[in-house]
């Protein structure tokens with residue numbers, strides 16, 4: 001029911017008005033029957049919030065890097081399974097002193113070979129979900145392998 005769905009999204013915004021995904025879904029819902037002007041309002045808010053969240057995240061990553069480098073430790077950034085690592089690289093002006101763990105190829109290959117449900121028990125993020133024990137093991141192995149490679153390269 002369209003009206004009930006719209007009402008629920010409006011209530012969600014009353015509870016937590018800084019979630020860009022709610023604005024996106026509300027925009028899509030409103031756009032479907034043809035109210036593109038109202039939908040654009042929600043899409044603009046979604047875009048603003050996503051940009052804002054990205055900048056806050058970027059600031060936090062930079063601060064974390066600064067803290068660990070002062071202690072003589074390299075920062076290790078681990079990308080989500082099945083996501084491009086370039087999104088993490090964007091967080092830094094000088095990413096060369098950060099170790100990035102790219103999980104996309106490893107998880108894509110594993111899923112291709114034995115199936116999605118072997119590695120994730122849900123799909124909350126769309127292209128990946130919360131890891132199963134097997135998924136956690138794959139993630140840990142890839143993190144360890146990446147760190148060891150950087151240690152061996154020194």
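Rule-based calculations on the coordinates, nothing more; no lab input. Keep in mind that what you see is a predicted model, and the values were worked out from it rather than measured. Cβ: placed from backbone, ideal geometry, glycine included. Neighbour counts: every protein chain shown.
If contacts are Cα pairs under 8 angstrom and at least 6 residues apart, what is the relative contact order of the chain in percent?
Numbers: 154 pairs, mean separation 21.2, N = 154.
This gives 14 percent for the chain.
Apply 1/(1 + (r/R0)^6) to the Cβ-Cβ distance of residue 18 and residue 80, taking R0 = 22 Å, and write down the FRET efficiency to the nearest 0.05.
Working: r = 21 Å, r/R0 = 0.97.
With a Förster radius of 22 Å, E is 0.55.
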* To do: Please find the FRET efficiency linking residue 70 to residue 94, where r is the Cβ-Cβ separation and R0 is fixed at 22 Å, and quote it to the nearest 0.05.
  => 0.90
* To do: Can you pull the one-decimal nm distance between simple spin-label points at residue 125 and residue 147, each 7 Å off the Cα toward Cβ?
  => 1.9
* To do: Run through all the Cα pairs of the chain and give the fraction in each 10 Å bin from 0, expressed as whole percent.
  => 10, 27, 27, 25, 9, 2, 0
* **Relative contact order of the stretch 2-54, defined on C-alpha pairs under 8 angstrom at six or more residues apart (%)** => 33
* Asked: For all pairs of alpha-carbon atoms in the stretch 2-54, what percent lies in each bin of width 10 Å, listed from the first bin to the last filled one?
  -> 29, 55, 16, 0
* For q = 0.15, 0.17 Å⁻¹, Debye-computed log10 I/I(0) when each Cα of the stretch 74-152 counts as one equal scatterer -> -0.53, -0.67
* Asked: Which of the peptides 25-35, 108-118 is most tightly packed, and how do the rest follow, judged by the mean count of other Cβ atoms within 10 Å per residue?
  -> 25-35, 108-118
